[in-house]
Amino acid sequence: MDFLKNLVGAAQALKQTNQPVASVANYLRRAPATSGDGDVHMLIFALDYKRTSNALTCSMDGRNMEALARACGVTDCVAMYDEQCTKDAAFRAIQQVGARCGDDDYFIIYYSGHGTSVEDSDGDEEDGQDEAFCFVDPAGQISCDTLMTDDEFAECVAGATEEGVRIVILTDCCHSGTIADLEKDEWEQREVVSIAGCLDGQTSGDMGKGGIFTHALLLAIDQLQDAGTDDYSIGMLYNLTLDKDNKVFNSAQDITIQTSRAVKPDGMAWPLIPKTDYKAPLTQAAQQAGGGGTAEEAMQQAMVNPQLLQQLGIKPQLAQFINSSGLQSGEIDVKQFLKAGVECYMAGGCTKDACAIQ
């Protein structure tokens, strides 16, 4: 596989948290939206756990991601919600969507819901814990039998896809930092990148309707389009997502990027490029409530407009997380984020040992 030759020099998988990574485009294969080659296949799992005592509001995350997929022209997008997300159904969906992916395609898996830790069964985890997705039974309940561990997930995804498929895993849940387990041998020659909304030991910020990581990601995509950028690396998107997480949400949660040994953050193009004028839900809220004022005034007006928030799928509780000065505070300087990734590497922030960058 010639397109991997410039990537397999990385001796180990990368894992970086809350720090910029290399982001200058350094890939041979561009995204389907810009190259015309390949397709994007997307699988969304979003669970609210309405029948349990620990309900969330993750279905809005899933719908927001569906809206992004439509804006990007994705025709193969399978979304599963609540009781549709049994462990067996999730396995089947991964196998079915994965089987439709060819060598130049992307397989994007998005999960928003509960995560948990269980005892490591094969000794491959330093902390003695496997991370797991909390799927449900047909009655909407969680049990040990409904959990899908990171080992099971890795085996299922790797087994369902050809080696040339580019895989992107996005998780907005607690205990999600290494839930894709990208250090496993199954991923060694595979191009796989995971971005997780918090570390394994943390609880993801469920904001009533939409997770912090998900909204930060959508704002990043929105503003990159505003900057006229339609061809950028996952490293670039990760760096800007961190920026939105910090400036807009003052978030206490961490955002972690992890890659397999065969790829670096700057070595894979981000696949979800809007073909239409895309606006993130928070941008829409600020614009519709703005009345010609500043971004700060628009956000304040939006937060006291229940009908508008309901229409856009944002609960008033979101206000406690938002630093409005970080929202729409001017056009982004794409070069600034490119430079941040380069400076991080040059300063030793992404060393060979720490980040598998050579």
(request) Considering only segment 27-57, state which residues are among the hydroxyl-bearing types (Ser, Thr, Tyr) and under 18 Å from the mean Cα position of the chain (by Cα). (result) 57
(request) Return the total of residues in segment 271-285 being hydrophobic (A, V, I, L, M, F, W, C) and closer than 16 Å to residue 170 by Cβ. (result) 3
(request) Collect the residues in segment 265-281 that are over 13 Å from residue 35 (Cα atoms) and not in a loop (DSSP other than H, G, I, E, B), keeping them in residue-number order. (result) 265, 266, 267, 281
(request) May I ask you to list the residues in segment 96-115 that are closer than 16 Å to residue 149 by Cα and out of contact with any Phe, Trp or Tyr (no Cβ under 6 Å at 6 or more places or on another chain)? (result) 109, 110, 112, 113, 114, 115
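Restricted to segment 223-250, and to residues that are part of a loop (DSSP other than H, G, I, E, B) and open to solvent by 20 Å² or more (accessible area, probe 1.4 Å), which residue is modelled with the lowest pLDDT?
250
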(request) Counting only residues that are out of contact with any Lys or Arg (no Cβ under 9 Å at 6 or more places or on another chain) and either open to solvent by less than 10 Å² (accessible area, probe 1.4 Å) or aliphatic (A, V, I, L, M) (or both), give me the helices (runs of 4 or more DSSP H) lying completely in segment 18-103 with at least 1 of them. (result) 59-71, 87-99
(request) Please specify each residue of segment 104-121 satisfying the condition of being open to solvent by 10 Å² or more (accessible area, probe 1.4 Å) and in contact with a Lys or Arg (Cβ under 9 Å, 6 or more places away or on another chain). (result) 104, 105
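The values are calculated or read from the model by the stated rules, or taken from the named source; none is laboratory data. Model, not experiment: these values are computed from the prediction. With ideal geometry, Cβ positions are generated from the backbone for all residues, glycine too; neighbour counts draw on all protein chains shown. Side chains are part of the model used for accessible areas, which takes the heavy atoms of the whole protein and leaves out ligands, DNA and RNA. Shrake-Rupley method; radii C 1.70, N 1.55, O 1.52, S 1.80 Å.
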